[in-house]
Amino acid sequence: MANRPIQAKSPAALLKEMLDTAGGARLLRVLIYGNPDPDALASAMALKQVLEEKTKGGLKVEMNYTGAVGRPENASMIRQLKIPVSPVSEAEAKDADRIALVDSQPQFFADFALPRCDIVIDHHPALIDRPVPFSDIRPGYLSTSSIMTEYMRAAGIRLTRGIASALLYGIKTDSRNFMSEFSPGDVDALRWLRTKSDRDIVKRIEFSQFSRESLDYFSIALVRRRFVQGVMFAHLGPVPTYDVCVQVADFLIRVEHVEWALVTGVVGTELVVVFRNDGVKKDAGYLSRTAFGKIGSAGGHKSMGRANIPQKSLPNGLLLTDNKGLEKFVLAALARVDPVFAPVLKTV
């Protein structure tokens, strides 16, 4: 059943196929690509519980991420909900009998050598180009948390307040605070989770969104910002994690008359490009993949997108320390896809 469309099957049928795929394994690792965000963390928690309770033979399930915990709210979520998640190296990942990916697909792992991939559960547009024993990819859903809520219900597992709160928060963040257009599956998941989650925990996580250190980067963004015909652009220069760019972009898209928020920064040896838009007839994921997919890791949803471009993929002579050169490079690549970015390119 590798990569065939399976979303039309009943939740019970999908659950059985997923459990059959995990059957016989000793150690299964649930991998989160890069820095764990709320949707990925919640989905991994739910999958871990489903697998441990529904497989026979004492399957051990480990939750891992390939990057680092960046945003304060993500660290707060891990701490408040006591989520048993930890970083993993390429060497450590090789000891797993099965590997499951949540909120991502194999193509996302451009900078991490996946030793295998057995299960994929995701809501991003389908990109899989290799055989995967079990894949459940639903681009019509706003979050993977909504999909995993269906698995929890199909499995008949008692939903703890901790997992219910995590899944609710995962949907909330990926729906941009419930402002995006919901699918029927998202609506059903929300209805089920709202009466079972702990609103106080969710609020405590939300109130941990910004660190004192990140405020400096907001200052940089406000000084360097360029705004032309609905496009707000800011290059931050060196940043500790890409999450800083995400936080700034989430802020800028809320500014009056901003239709596109574009924030770039340099993380180690990579250029990071983060997109946000107002959701009106736009596709940030398509823009990211089309502009940068051939030279880096790129993708996203209609209203959110990101690209990571390594130094070696930049044009000859363009260094990560050349702020103006990076601005021109990014805006020129985007303007070739969508002319809306051409006016702001002229200001660089």
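What's the exposure ranking of THR160, THR144, going from fewest to most Cβ atoms within 10 Å? Don't skip to the answer; put the middle values down first.
Working: THR160 15, THR144 30.
Fewest-to-most ranking of THR160, THR144: THR160, THR144.
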Would you calculate the separation in nanometres between label points at ALA332 and ARG204, each defined as 7 Å from the Cα along the Cα-to-beta-carbon direction? 5.1 nm
Taking the Cα atoms only, what angle lies between the long axis of helix 184-194 and the longest principal axis of the chain, rounded to 10 degrees? 70 degrees
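As an exercise, identify the trypsin sites (Lys or Arg not before Pro) in the stretch 108-200 lying in DSSP coil whose Cβ has no more than 12 other Cβ atoms within 10 Å.
Details: sites: ARG116, ARG153, ARG158, ARG161, LYS172, ARG176, ARG191, ARG194, LYS196, ARG199; in loops: ARG116, ARG158, ARG176, LYS196.
Qualifying residues, ordered by number: ARG158.
Within 10 Å of each residue's Cβ, count the other Cβ atoms and sort GLU73, GLU92 from fewest upward.
In increasing order of surrounding Cβ atoms, one gets GLU92, GLU73.
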Dipole magnitude (debye, nearest 20) for the stretch 215-345, charges at Cβ of Lys, Arg, Asp, Glu: 320 debye
Report the antiparallel proportion of the DSSP beta bridges in the chain as a percent, rounded to a multiple of 5. 45 percent
Just flag the GluC sites (Glu not before Pro) in the stretch 209-295 sitting in loop per DSSP whose Cβ has no more than 14 other Cβ atoms within 10 Å. GLU213, GLU256
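What is the magnitude of the charge dipole of the chain about its Cα centre, with +1 placed on the Cβ of each Lys and Arg, -1 on the Cβ of each Asp and Glu, and no other charges, expressed in debye to the nearest 20? Mind dumping the intermediate values first?
Numbers: 45 positive and 38 negative charges, 59 e Å.
Here the size comes out at about 280 debye.
Taking every DSSP beta bridge that has both residues in the stretch 215-345, what percent is antiparallel when rounded to the nearest 5? Before the final figure, lay out each step's value.
Working: 22 of 28 bridges.
Given both bridge residues lie in the stretch 215-345, the antiparallel proportion sits at roughly 80 percent.
Using Cα pairs closer than 8 Å and at least 6 residues apart in sequence, work out the relative contact order for the stretch 215-345, in percent.
Numbers: 264 pairs, mean separation 25.6, N = 131.
It comes to 20 percent, rounded to a whole number.
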For the stretch 133-208 and the stretch 289-318, write down the distance between their C-alpha centroids in whole Å. 29 Å
If you find the alpha carbon centre of the stretch 65-102 and of the stretch 41-62, how far apart are they in angstrom? 14 Å
THR269: net charge of surrounding residues, Cβ under 15 Å, Lys/Arg +1, Asp/Glu -1, itself excluded? -2
Order these by the 10 Å Cβ neighbour count, fewest first: GLU150, GLU53. GLU53, GLU150
Please list the non-local residues whose amide H lies under 5 Å from the amide H of SER183, H modeled 1.01 Å from N, same-chain partners needing a gap of 5 or more. LEU142
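Values in this text are rule-based calculations from the coordinates and carry no lab data. Keep in mind that what you see is a predicted model, and the values were worked out from it rather than measured. Every residue, glycine among them, receives a Cβ derived from its backbone with ideal geometry; neighbour counts consider all protein chains shown.
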